[in-house]
Amino acid sequence: MAIDPARTHKSENEEQAIHPMYAYLYVADKYEGLVVIGDSNPNSKTPGVSTLLDGDPRNNFLKRALAFNPEGILNGARRIAIAGTYAYILCDRGLVVVDLDKPLQPRVAAVVGAPALDDPHGIAIQFRYAFVVDRGGLKVLDVTNLEQPRVVANAAVALQDARNIYVARTYAYIAAGKQGIAIVDVERPEQPKLYQMFSADGKLNDVHDVKIGMVDASAFAFVADGANGLRVLQILSPEDSPNAYGFSPRPTPKLIAAYRTAGPALAISKGTDRDRAVDESGNQLAVFGRRGARPLNRVEASKLYLRDGKTYMVPAEPPKLQNQP
């Protein structure tokens, strides 16, 4: 579903260019670190993986462009999340941030390791925060500056066996192994709190991964439950969820389906973010229907939440009016 960075741009459309990083695929490899997939020949008619987007099914062959693992810093790479032009990679060193602004010339931007992160295994990024699960449970990082993530002190939820995480608006869904799924309220990201542990009366007991998807007015969790196979939970529905049509209603999970896989279910793929228009660095991700239309870039968007380089302070309680008791 990607936009082809190499496609012809018509000047009369006043289009914003698509960043070249979207011409490549990025793989976290245990031994080689970051592997970039795509034709690295600058003179190629289909640089990167644009061959998948040119409408011709006869040339859909991928090439390996490079592997990046300077001095073994990415050894044990096991998870990757892309935020703007940065790759957040979980590995033996902890969290390593790799700058992909020049996708064929990656560079290490930052490292967050022990004791802040202890053997991290899952990461999700939403707006100004990265949510990481490690041996101790959930940890929160401030990524207002994508190149320099900052661990938020005391922003944590203890869990015994956290394996991966998915964030949907104001709730984080954590694959919690034998405990099932931990649902954490992250409406205030720097003050996360456990909302509910859900195991469907013990039926979810080997949870490795969870992803959220929506159909019409209902939301579902697709769960890789290890030896138990695939599980499907309905987490929101007009019948069961108060304020189901609100921005982020409280989840009301229930197990509605199961499928026994041939082997252990360890991961679930993520669906396409259908209406996403811009990435965390302000790069356009979709073609708009009006001439010259584009989303706010990072500098413009940051004016909505930064003043003099600092975030606007949100009071814990609204201020009282004068003479109000």
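Residues being in contact with a Pro (Cβ under 8 Å, 6 or more places away or on another chain), part of a strand (DSSP E or B), over 23 Å from Ile3 (Cβ atoms) and not basic (Lys, Arg) are entirely absent from the range 253-272. Residues in the range 7-32 that are under 25 Å from the mean Cα position of the chain (by Cα) and over 15 Å from Asp99 (Cα atoms): Gln16, Ala17, Ile18, Ala23, Asp29, Lys30, Tyr31, Glu32. Here Lys30 clears all of (1) under 27 Å from Val140 (Cα atoms); (2) of a type in the set (Lys, Arg); (3) surrounded by 13 or more Cβ atoms within 10 Å (Cβ to Cβ) except the condition numbered (3). Scanning the range 150-196 for residues that are polar (S, T, N, Q) and in a loop (DSSP other than H, G, I, E, B) yields Gln160, Thr170, Gln179, Gln191. Answer yes or no: is there a residue in the range 53-72 that is in a loop (DSSP other than H, G, I, E, B), of a type outside the set (Lys, Arg) and at pLDDT 90 or above. Looking for residues that are in a loop (DSSP other than H, G, I, E, B), of a type outside the set (Lys, Arg) and at pLDDT 90 or above, one finds at least one in the range 53-72, hence yes. Among the conditions (1) under 29 Å from Ser237 (Cβ atoms); (2) acidic (Asp, Glu); (3) touching a residue at least 40 places away in the same chain (Cβ under 8 Å); (4) surrounded by fewer than 19 Cβ atoms within 10 Å (Cβ to Cβ), the only one that Asp161 does not satisfy is (3). In the range 73-115, the qualifying residues are those that are in contact with a Lys or Arg (Cβ under 9 Å, 6 or more places away or on another chain), outside any loop (DSSP other than H, G, I, E, B) and not β-branched (Val, Ile, Thr), and the one that is nearest to Ser40 (Cα to Cα) is Asp99.
Scanning the range 258-294 for residues that are among the basic types (Lys, Arg) and in contact with a helix residue (DSSP H, G or I) (Cβ under 8 Å, 6 or more places away or on another chain) gives a single hit, Arg291. Taking the condition surrounded by fewer than 18 Cβ atoms within 10 Å (Cβ to Cβ), touching a Lys or Arg at 6+ places or on another chain (Cβ under 7 Å) and part of a strand (DSSP E or B), does Val132 pass? No; evaluated as a whole, the condition is false for this residue. Here Ile174 does not qualify as at negative phi, surrounded by 15 or more Cβ atoms within 10 Å (Cβ to Cβ), in contact (Cβ under 8 Å) with a residue 60 or more places away in the chain and not hydroxyl-bearing (Ser, Thr, Tyr). Just one of (1) touching a residue at least 60 places away in the same chain (Cβ under 8 Å); (2) of a type outside the set (Val, Ile, Thr); (3) exposed (fewer than 15 other Cβ atoms within 10 Å of the Cβ) fails for Ala227. It is (1). Just one of the listed residues (Val186, Val210, Val167) is in contact with a Pro (Cβ under 7 Å, 6 or more places away or on another chain) and surrounded by 20 or more Cβ atoms within 10 Å (Cβ to Cβ), and it is Val186. Scanning the range 101-145 for residues that are polar (S, T, N, Q) and in contact with a helix residue (DSSP H, G or I) (Cβ under 9 Å, 6 or more places away or on another chain) gives a single hit, Thr144.
Taking the criterion of being under 14 Å from Ala219 (Cβ atoms), in contact (Cβ under 8 Å) with a residue 60 or more places away in the chain and surrounded by fewer than 17 Cβ atoms within 10 Å (Cβ to Cβ), the residues of the range 245-295 that qualify are Phe247, Ser248, Gly271.
All told, Pro42 falls short of being within 27 Å of the chain's Cα centre (by Cα) and either at pLDDT below 85 or outside any helix (DSSP H, G or I) (or both).
The values are calculated or read from the model by the stated rules, or taken from the named source; none is laboratory data. What you see is a predicted model, and the numbers here were worked out from it, not measured in a lab. Because the Cβ atoms are built from the backbone with ideal geometry, glycine has one as well, and the counts that use them run over all protein chains shown.
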